[in-house]
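The values are calculated or read from the model by the stated rules, or taken from the named source; none is laboratory data. Please read these numbers as outputs of a predicted model, since none were measured by experiment. Here Cβ is always computed from backbone atoms with ideal geometry, including for glycine, and neighbour counts include all displayed protein chains. For the accessible areas, the whole protein counts, side chains as well, though only heavy atoms, and no ligand, DNA or RNA atoms are used. Shrake-Rupley method; radii C 1.70, N 1.55, O 1.52, S 1.80 Å.
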Amino acid sequence: SDSVLRARIDEAAGCVAGMPAFVDLGRRFRLDGRAGELVALAAAKGTDEQLVVAAIGGALAIDAQHALRDAVAKAEPDEASRLLTGVGLNGTEQSVALLAEIVAAEDAAPGTRGTAVLALGRSQRGAERLVALAEKQALSGSLAQAAAATLALAPWADVRQAAAKVLPLPQPKGGGKLPTLDELSRRGGGNAGHGREVFAGAGTCAKCHVVGGPGKAVGPD
């Protein structure tokens with residue numbers, strides 16, 4: 001409430017812009033005027049993940065959800081993904097509510113909604129919200145598929161069990177059970193060229209997904 005002291009704090013924040021101390025000052029002293037800078041720091045390509053999460057946490061702490069929503073809507077796909085992942089890793093009620101709002105926004109880009117689904121799966125609170133959305137039949141199409149895939153790998157057994165009842169994984173062609181990603185990664189001997197052929201050809205993955213450029217951004221990257 002002291003205007004002189006507040007000016008000094010704001011000046012100090014300007015001296016450490018882009019650093020962890022900047023995020024700390026913004027959060028502790030609720031520097032509302034710096035919300036855009038916190039979001040920009042989180043979206044910047046060179047920002048490491050820990051600082052991305054801290055910057056978004058700082059923005060959420062000063063109720064800058066609107067700034068985050070606007071930034072995600074205007075961002076390039078990689079920036080939007082970085083922001084949404086950071087929101088998901090925060091795992092707070094605010095972050096989960098923001099992601100759920102983006103998932104429900106029919107005017108949002110399909111890729112953005114899918115990335116928000118994956119981001120919800122980064123925290124237990126978010127994963128539980130995904131299960132709740134599925135129970136209400138609020139997820140469909142590629143969103144339901146993305147939710148099923150991320151929850152099948154969730155580290156929380158109760159969440160996996162609840163998800164399996166409402167978000168069963170799609171059955172592979174010809175029936176049978178697909179190995180998990182962990183199991184496949186332990187086998188070794190993968191062939192990127194064959195994978196590319198499956199992605200763009202017989203697997204028809206490229207009709208909805210993008211990997212390194214090729215494909216269509218209907219579902220998440």
*Inside region 178-197, can you point out the residues that are under 30 Å from L133 (Cβ atoms) and part of a helix (DSSP H, G or I)?*
L181, D182, E183, L184, S185
_Please determine whether any residue of region 54-76 is within 11 Å of the chain's Cα centre (by Cα) and either buried (at least 17 other Cβ atoms within 10 Å of the Cβ) or modelled with pLDDT of 90 or more (or both)._
yes
_Return the pair list, or none, for Cβ contacts closer than 7 Å from residues in region 191-202 that are under 15 Å from G215 (Cβ atoms) to residues that are open to solvent by less than 80 Å² (accessible area, probe 1.4 Å) and in a helix (DSSP H, G or I), at least 6 apart or on different chains._
F199/C205; F199/A206; A200/A206
*Can you confirm whether region 59-69 contains a residue that is without any contact (Cβ under 8 Å) to a residue 24 or more places away in the chain, in a helix (DSSP H, G or I) and either over 23 Å from G111 (Cα atoms) or not hydrophobic (A, V, I, L, M, F, W, C) (or both)?*
yes
*Matching entry among A127, A157, A200 (being of a type in the set (G, A, S), within 25 Å of V103 (Cβ to Cβ) and surrounded by 11 or more Cβ atoms within 10 Å (Cβ to Cβ))*: A127
_With the requirement that a residue be open to solvent by 30 Å² or more (accessible area, probe 1.4 Å), part of a helix (DSSP H, G or I) and closer than 20 Å to H66 by Cβ, what does region 94-111 give you?_
Q94, A97, E101, A104
*Test: residue in region 132-142 that is more than 18 Å from S81 (Cα to Cα), outside any helix (DSSP H, G or I) and among the hydroxyl-bearing types (S, T, Y)*: yes
*Test result for R30, in a helix (DSSP H, G or I), open to solvent by 20 Å² or more (accessible area, probe 1.4 Å) and basic (K, R)*: no
*Using the structure shown, decide if A134 is in contact (Cβ under 8 Å) with a residue 24 or more places away in the chain, closer than 21 Å to L184 by Cβ and of a type outside the set (S, T, N, Q).*
no
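Residues checked against (1) assigned to a loop (DSSP other than H, G, I, E, B); (2) within 15 Å of T115 (Cβ to Cβ); (3) acidic (D, E):
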| position | (1), (2), (3) |
| --- | --- |
| L5 | no, no, no |
| D10 | no, no, yes |
| L38 | no, no, no |
| L41 | no, no, no |
| A54 | no, no, no |
| A73 | no, yes, no |
| D78 | no, yes, yes |
| L83 | no, yes, no |
*Since A127 meets every condition but one in (1) at pLDDT below 95; (2) more than 18 Å from A54 (Cα to Cα), which condition does it not meet?*
(1)
*Could you tell me which of the residues V166, V211 is of a type in the set (A, V, I, L, M, F, W, C) and either more than 26 Å from the chain's Cα centre (by Cα) or open to solvent by 80 Å² or more (accessible area, probe 1.4 Å) (or both)?*
V211
*asked:* Among the residues that make up region 170-177, is at least one of them surrounded by 10 or more Cβ atoms within 10 Å (Cβ to Cβ) and in a helix (DSSP H, G or I)?
replied: no
